[in-house]
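Every number in this text was worked out from the coordinates using simple rules, so none of it is lab data. This one's a predicted model, so the numbers in the text were calculated from it and none came from an experiment. With ideal geometry, Cβ positions are generated from the backbone for all residues, glycine too; neighbour counts draw on all protein chains shown.
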């Protein structure tokens with residue numbers, strides 16, 4: 001019985017750290033939070049309707065999986081996305097509207113199961129929003145133009161760069177090759 005309790009405690013600690021490498025990073029993320037951020041609860045509906053498309057138009061434009069992630073804030077399974085192990089030179093764009101989001105030169109392997117970037121092309125193309133879903137406090141990343149859900153940003157990226165890790169769903173982005 002004692003070992004079973006220890007196992008449950010260890011499992012709970014492990015699961016609580018899955019979305020960020022340490023609990024300290026989650027606290028740092030909140031303290032260093034971008035001044036332009038807003039609360040998901042108060043602006044989510046406004047952000048999701050920034051483009052003049054109806055939900056039916058989004059459903060017609062996107063696959064069911066893309067719709068789930070971009071419009072319903074879903075997440076693809078780790079290590080399952082097209083761009084997780086992608087190394088071509090080019091630009092990653094929003095799958096919903098084509099806005100340029102990340103350069104391939106800023107992509108790095110964070111071993112988290114999703115494409116990771118340490119910097120966006122232009123801060124005005126990416127919106128950061130407090131996300132209090134699933135019993136956690138994180139920073140959601142959305143496309144500033146169409147409001148599509150891209151993923152989350154954490155403060156455990158490369159220290160010699162920005163220190164940020166934009167953890168992005170492959171299904172929410174497209175790629176334009178430089179070659």
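Side notes on the structure shown:
- By average C-beta atoms within 10 angstrom, highest first, the peptides 88-94, 53-59, 156-162: 88-94, 156-162, 53-59
- Extension reserve of the residue 178-residue 137 stretch, reckoned as 0.36 nm per residue once the Cα distance is removed: 11.1 nm
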